[in-house]
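Trainee: The structure follows.
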Amino acid sequence: MSKKLPTVWDCPPHTLVKHKILEGYLGGWFPILASWNDRIVYIDGFAGPGRYTGGESGSPIIAIQRYLEAKEKGRLKGDAFFIFVEADAKRCEVLRQEVAAVAGSSVRYEIECKPYAEVMDGIWKMLDEAKAMLRPTFAFIDPFGFSHTPFAHTRRLLSNPATEVLFTCMYGDVNRFLGVTEMEGHFDGFFEDKDWRRLRSITAPDERKAAFLEYFRKRLLDAGAKYVIPFEMKDAANSTQYFLLFATKSIKGLKVMKSAMYAADKTGGYTFSDYTDARGPTLLVASPNYPALQRLLLERYSKQSDVRIEDIEEFVLAQTSFLYYKKEALAVLEEAGKITASKRNGKHRKGTFPDGTLVTFL
Ligand SMILES: C[S@@+](CC[C@H](N)C(=O)[O-])C[C@H]1O[C@@H](n2cnc3c(N)ncnc32)[C@H](O)[C@@H]1O
């Protein structure tokens, strides 16, 4: 596993990308969720010290700043309660100072200098005693390895109606230790399942990675997520260091996260992963392969009439690596005479596909 870093450490490029994704998502999440909930909860389960040696902000500071921004713009009805968890005493002390410096008096937060699992146990106990549900929550679970994130907590988080999880899944470490007998107990907890053992017998690296991703994605779906999207973070040697996995029940949340990942992808050679059943091509940085998306749509809806645009959008967002599809695919197919469109109420204008549009695949 990772060697011990100092209390505050240098910010590597992939962390900047991860933060760009978090920042992009929260910029959309706070206004959406807090505009129709009195109270939302933000949990940063592995908060870190709040800043890096070069002065870059850590995840807790990014979250507070996005929240304050949305608040200043008057885009929130309710407020948020932040829970920052950091087990290392020295990092926790730095975190206290960093958070106090940005939070002012208008942000409600708690800093827990304890292990994540202990804090989560306490939260579940409190909720059980009060017979209460967790408020709509965004949980960022960003550990160094895989030993301190029992899946039981992720499952319980996702069992709540409006809870989303962004999870750093350290595939590099998982892959390295999969065959180590002494680690079995950790893996049983990490997956909350014993079926991971079958991954050991897969020796081809790409095959094992794909099988792992599919297995973990399935665990998240079984836990209550409706959509799971991964973003693959590679190291300088181009091998997978971790997957950022986003799990949600909300198509709106999925769209905001995909936009954030899409924007972050433009910053370098990081990629969405090939997470569909081999249908969606990996999204390659500057120019997504839209002819491939056109083919996918023709194949998926072959000969179907009056397909709702909302269903097409869900397919594109949840089942492919693409984000944009109207101008990029549907308009092209319409121009080529491969689809026709109409509107539930009103007249269809060629090349436009607003809500209420019905598409027929010829
Ligand atoms: C990857 S870093 C977090 C970085 C931070 N989320 C960010 O993006 O700026 C992981 C942090 O988790 C802390 N940590 C390690 N084990 C922990 C545990 N069991 N519970 C909570 N925090 C832990 C480490 O001290 C470290 O600061």
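Trainee: Of the accessible area of the chain, with the probe set at 1.4 angstrom, what percent is carbon plus sulfur?
Mentor: Within the chain, the accessible surface is 52 percent carbon and sulfur.
Trainee: Moving on. Under 5 Å between amide hydrogens, which residues at least 5 positions from residue 112 or on another chain qualify, with H placed 1.01 Å from N in the peptide plane?
Mentor: Result for residue 112 returns 84, 85, 86.
Trainee: I'd like the FRET efficiency for residue 305 and residue 204, computed as 1/(1 + (r/R0)^6) with the beta carbon distance as r and R0 of 45 Å, rounded to 0.05.
Mentor: Given R0 = 45 Å and the Cβ-Cβ separation, E is 0.60.
Trainee: Let me ask you something else. Could you list, in their original order, any pairs among 326/347; 218/326; 114/194; 258/303 whose Cα atoms are separated by more than 19 Å?
Mentor: From 326/347; 218/326; 114/194; 258/303, over 19 Å: 218/326; 114/194; 258/303.
Trainee: Percent antiparallel among DSSP beta bridges with both residues in the chain, to the nearest 5?
Mentor: Beta bridges within the chain, antiparallel portion: roughly 55 percent.
Trainee: Let me ask another. Any idea what angle helix 89-103 forms with the longest principal axis of the chain, computed on alpha-carbon atoms, 0 to 90 degrees, nearest 10?
Mentor: Taking the Cα atoms of the chain, the angle to 89-103 is about 60 degrees.
Trainee: Let me ask you something else. How far is helix 59-72 tilted, in degrees, relative to the longest principal axis of the Cα atoms in the chain, given as a value from 0 to 90 rounded to the nearest 10?
Mentor: 60 degrees
Trainee: Run down the aspartates and glutamates and flag those whose C-alpha is under 14 Å from the C-alpha of residue 4, throwing out any fewer than 8 positions away in its chain.
Mentor: 88
Trainee: Another question, if that's okay. So what is the accessible area of region 8-94 per residue, in Å², with the probe set to 1.4 Å?
Mentor: 37 Å²
Trainee: Using modelled amide H (1.01 Å from N, peptide plane; none on Pro or chain starts), what sits under 5 Å from the amide H of residue 41, excluding residues fewer than 5 places away?
Mentor: The answer is 81, 137, 138.
Trainee: Hey, could you get me the Stokes-Einstein D for the chain, Kirkwood radius over alpha-carbon pairs, 10 °C and 1.306 mPa s, rounded to whole µm² s⁻¹?
Mentor: Result for D is 73 µm²/s.
Trainee: When the helix-only estimate is applied to the chain (DSSP H runs of n ≥ 4, each -39,500 (n - 2.57), divided by the residue count), what is the mean residue ellipticity at 222 nm, nearest 500 deg cm²/dmol?
Mentor: One gets -13000 deg cm²/dmol as the mean residue ellipticity at 222 nm.
Trainee: How high is the FRET efficiency between residue 340 and residue 251 when r is their beta carbon distance and R₀ equals 22 Å, given to the nearest 0.05?
Mentor: 0.30
Trainee: List the aspartates and glutamates whose Cα sits under 16 Å from the Cα of residue 77, skipping any in the same chain fewer than 8 residues away.
Mentor: Partners within reach: 38, 69.
Trainee: Assuming R0 = 45 Å, can you tell me the calculated FRET efficiency for the pair residue 69 and residue 214, based on Cβ-Cβ distance, to the nearest 0.05?
Mentor: That pair, residue 69 with residue 214, gives E of 0.75.
The values are calculated or read from the model by the stated rules, or taken from the named source; none is laboratory data. Values in this document were obtained by computation on a predicted structure and should not be read as measured data. Heads up, the Cβs are rebuilt from the backbone with ideal geometry, glycines too, and the neighbour counts pull from every protein chain shown. Heavy atoms of the whole protein, side chains included, go into the accessibility calculation; ligands, DNA and RNA do not. Shrake-Rupley method; radii C 1.70, N 1.55, O 1.52, S 1.80 Å.
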